[in-house]
Amino acid sequence: MKRTLFLIPVIFFVFLETSFADKLYLKNGRSLEGLIREESDSRVELDVGFGTVTFEKSAIERLEKSNPEETAIILKHWASERAKSELMRAKAEEEWNKSLAEWKEKQSRQAAQEEADADAGPKEVALAREMGHMRADVVLNKKVNASLLVDTGASLVIITKATADRLRLDTNKEGTPIQLQVADGRKIDARYVVLASIKIGDVEAKNVETAVLMDTKQDFGFKDGLLGMSFLRRFNFKFDYNSNKLILERLK
């Protein structure tokens, strides 16, 4: 994946020469203007507008100093130039943040498109036969493995209380109390919850309506639960009973 590198321009304040500044003449023939901040018997510290430079007295030929009025003028000039520099820096930072946000949004859209492209088309999922039913190995909420019987007659995905406990679902606080009616007409207590994710093979569905069976004593005829229509209806699906496969194609 190609990435674009954005750079924030570094803005330096450059002192503009003026006759109001102190002027320092070096023995090597060079000269420099600024304001003397500190002077001792051995050194001179010169403020050049964007920092200070220290020179040994032995390297200096002579100094020309400004008067207080001239110093005030140069300080005002520097303050103005620093304000302009800060404004340029702020604008550069704003442009950087804008470019970075646009780049992140583009990367997010590209990643989402790549995920959608990878998820497009029919996907085959291997199943196992169990008690005359097809059984699917799934991952719930990206962290808990479970074995669910595929049941097109169940309107919801159904999981046992033990499976909910492995998911760390607090069924005393989470979910809405409901009742499910089983084939023999009995009604059993359950909690209606929404699982963030159910993944089977390479196929994932998010925010899947689910019922948690609250009875921990009955034998419901399955281990962890049922893979019902709240998951399956997200797809065009068909069973290949000869090869024990479920073929899923996401609805567009």
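The values are calculated or read from the model by the stated rules, or taken from the named source; none is laboratory data. Just so it is clear, the structure is predicted and the values come from calculations on it, not from any experiment. Quick reminder, even Gly has a Cβ in these numbers, built from the backbone with ideal geometry, and neighbours come from all protein chains shown.
Considering the stretch 214-249, the residues that are part of a loop (DSSP other than H, G, I, E, B), surrounded by fewer than 17 Cβ atoms within 10 Å (Cβ to Cβ) and among the charged types (D, E, K, R) include one that is modelled with the highest pLDDT, namely ARG233. Residue pairs whose Cβ atoms lie under 9 Å apart, sitting 6 or more positions apart in sequence or on different chains, and linking a residue in the stretch 218-244 that is at positive phi to a partner that is charged (D, E, K, R) and outside any loop (DSSP other than H, G, I, E, B), are ASN244/ARG129.
Could you check, for the stretch 105-120, whether at least one of its residues is assigned by TED's automatic domain parsing to the domain that holds PHE239, of a type in the set (Lys, Arg) and closer than 30 Å to ILE247 by Cα? Within the stretch 105-120 (the criterion being assigned by TED's automatic domain parsing to the domain that holds PHE239, of a type in the set (Lys, Arg) and closer than 30 Å to ILE247 by Cα), the answer is no, since none of the residues qualifies. Within the set LYS161, LYS223, the sole residue that is within 20 Å of ALA128 (Cβ to Cβ) and in the same structural domain as ASP137 (by TED's automatic domain parsing) turns out to be LYS223. If you filter the stretch 161-213 down to residues that are among the small types (Gly, Ala, Ser) and on the phi > 0 side of the Ramachandran plot, you find that the one that is surrounded by the fewest Cβ atoms within 10 Å (Cβ to Cβ) is GLY185. Of all residues in the stretch 34-83 being among the hydroxyl-bearing types (Ser, Thr, Tyr) and within 12 Å of ALA21 (Cα to Cα), which is modelled with the lowest pLDDT? Here the residue is THR71.
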